[in-house]
Amino acid sequence: MTSITTIDRTLITAGNNDRTVFEPTALRELADSIAQNGLIQPITVRPIVDGELFQIVAGERRFRAIALLGWAEVPCIVKDMTDEEASAVMLAENVSRADIDPVDEAMAYRSRMSLFGWSVAECARQAGVSAIRVQFRLKLLKLRPDVQALVRSGNIPLGYASILSDADLDADRQMIAFARLRDNPSPTPGWFRRLVGELQAQQNQIGLFAAPGPLFGEFIATKEDAPAVLPPSPDTHQPPV
């Protein structure tokens with residue numbers, strides 16, 4: 001049976017949470033629910049700094065809601081975990097929540113691949129999702145930052161964002177695609193896929209002609225290839241009259 005320990009709230013610190021957005025209204029609603037029904041699921045923490053502090057592994061939203069209520073002590077489940085073990089628990093907790101935005105989710109996968117050398121398959125296993133989902137989320141990180149912000153806010157539906165990120169367009173063409181999507185009163189995924197395909201073909205064509213070096217392998221004389229021209233000599237050249 002898992003034991004629950006009450007810990008002074010000032011001794012608890014947030015971990016490196018994948019979630020970067022905590023919507024104030026939702027937090028207030030959660031706080032009201034906790035005030036009325038109690039904390040049904042305690043926060044999971046791990047001891048750090050020789051056990052003098054505790055880091056949140058799962059339940060930062062609940063912790064923030066408790067702080068809004070002004071509780072001095074927090075019911076917690078304390079577990080000894082390595083950084084990688086704590087990271088795996090946090091990933092599973094956050095991805096299972098419907099309100100994590102897709103860019104935060106993508107950054108969560110990328111950070112674990114960088115820190116712990118996880119593969120796409122390992123990220124999928126730890127998060128309890130498909131490898132295809134992990135791959136599509138990671139592609140969102142190819143989008144320019146302002147377009148990522150539009151994905152976070154829901155101003156670009158995730159399906160359209162996936163089509164755009166899959167094309168690997170440059171920053172300017174990403175913005176062109178978004179502008180046309182915004183201005184179309186009744187867009188469809190098929191229409192947007194064709195539009196993005198046209199921009200991709202245009203980008204590839206420009207890249208072909210902008211490529212450095214000789215085109216089609218023709219010879220272009222360089223300074224080193226030009227024949228040497230000697231200055232005139234009195235012995236071989238007739239001076240002008």
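The values are calculated or read from the model by the stated rules, or taken from the named source; none is laboratory data. Nothing here was measured: the structure is a model prediction, and the numbers come from that model. Glycine gets a Cβ as well: all are built from the backbone with ideal geometry, and neighbour counts include every protein chain shown. Heads up: the accessible areas ignore ligands, DNA and RNA and are worked out on the full protein's heavy atoms, side chains in. Shrake-Rupley method; radii C 1.70, N 1.55, O 1.52, S 1.80 Å.
Quick one: would you say VAL129 is more than 13 Å from the chain's Cα centre (by Cα), at pLDDT below 95, buried (at least 17 other Cβ atoms within 10 Å of the Cβ) and not polar (S, T, N, Q)? Yes: the conditions hold for VAL129.
So for the stretch 134-141 (the condition being polar (S, T, N, Q), modelled with pLDDT of 95 or more and surrounded by fewer than 19 Cβ atoms within 10 Å (Cβ to Cβ)), does at least one residue qualify?
We begin by selecting, within the stretch 134-141, every residue polar (S, T, N, Q); these are 135.
Subset that is modelled with pLDDT of 95 or more: 135.
Among the residues that remain, those that are also surrounded by fewer than 19 Cβ atoms within 10 Å (Cβ to Cβ) are: 135.
Checked the stretch 134-141: at least one residue is polar (S, T, N, Q), modelled with pLDDT of 95 or more and surrounded by fewer than 19 Cβ atoms within 10 Å (Cβ to Cβ).
Working carefully through the options SER162, SER111, SER96, find the one that is more than 29 Å from PHE192 (Cα to Cα), touching a residue at least 12 places away in the same chain (Cβ under 8 Å) and surrounded by 14 or more Cβ atoms within 10 Å (Cβ to Cβ). Give the derivation first.
Details: SER162 fails: more than 29 Å from PHE192 (Cα to Cα); SER96 fails: surrounded by 14 or more Cβ atoms within 10 Å (Cβ to Cβ).
Only one candidate passes the filter, namely SER111.
Is it the case, given these coordinates, that THR5 is of a type in the set (Ser, Thr, Tyr) and either under 14 Å from ALA67 (Cα atoms) or open to solvent by 50 Å² or more (accessible area, probe 1.4 Å) (or both)? Spell out the reasoning first.
Details: of a type in the set (Ser, Thr, Tyr): yes; either under 14 Å from ALA67 (Cα atoms) or open to solvent by 50 Å² or more (accessible area, probe 1.4 Å) (or both): yes.
So THR5 passes the test.
Can you tell me which residue among ASP235, ASP168 is out of contact with any Phe, Trp or Tyr (no Cβ under 9 Å at 6 or more places or on another chain), of a type in the set (Asp, Glu), in a loop (DSSP other than H, G, I, E, B) and at pLDDT 70 or above? Don't jump to the end; show me each part of the working.
Values: ASP235 fails: at pLDDT 70 or above.
Just one listed residue meets the conditions, ASP168.
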